[in-house]
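Worksheet: the structure to be examined is printed underneath.
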Amino acid sequence: MTTQENLYQLVAQIPRGRWIGYGDLGSCCETPISGLIVGRFMHQCPAGLPWWRVIGRDGTPLISKLDAKLGLEQLQWLAEEGVEVRDGRAGASSRLTVEEFVTSIARKM
């Protein structure tokens, strides 16, 4: 499995109503990668993957730098899942830490 495929498998396991930062997600890959590489891979993600659950570590939709409409869409998707959105950021209370994410994956195995 490639690192990119591994990343997409991880993204598919992010629970509804939760989000994780690019760098944190990258550190969970079998071969850890940087947040920058996660962003590049996410730009190419397959249809149906919950891409909106991967966001800047402070809750900012970094995709807004490339496309403001996609940034708004990302926050709308998160809000629909129950994430508090305020001042253009996803609420910290819905953020998945690396430890929480790794634990949730281990439970599924």
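We did not get these values from a lab; they are worked out from the coordinates using the rules stated. Model, not experiment: these values are computed from the prediction. With ideal geometry, Cβ positions are generated from the backbone for all residues, glycine too; neighbour counts draw on all protein chains shown.
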Worksheet item: Residues GLU30, GLU80: which one is of a type in the set (D, E, K, R) and either free of Cβ contacts under 8 Å to residues at least 12 places away in the same chain or touching a Leu at 6+ places or on another chain (Cβ under 8 Å) (or both)?
Response: GLU80
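Residues checked against (1) surrounded by fewer than 16 Cβ atoms within 10 Å (Cβ to Cβ); (2) of a type outside the set (A, V, I, L, M, F, W, C); (3) outside any helix (DSSP H, G or I):
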residue: LEU7; (1), (2), (3): no, no, no
residue: VAL11; (1), (2), (3): no, no, no
residue: ILE14; (1), (2), (3): no, no, yes
residue: LEU25; (1), (2), (3): no, no, no
residue: PRO32; (1), (2), (3): yes, yes, yes
residue: PRO46; (1), (2), (3): yes, yes, yes
residue: LEU49; (1), (2), (3): no, no, yes
Response to the item:
Flagged in region 57-109 as of a type in the set (Asp, Glu) and either part of a helix (DSSP H, G or I) or surrounded by 11 or more Cβ atoms within 10 Å (Cβ to Cβ) (or both), in numbering order, are ASP58, ASP67, GLU73, GLU80, GLU81, GLU84, GLU99, GLU100
Worksheet entry | Criterion: among the charged types (D, E, K, R), more than 20 Å from GLY23 (Cα to Cα) and without any contact (Cβ under 8 Å) to a residue 40 or more places away in the chain - qualifying residue of ARG86, ARG40 | ARG86
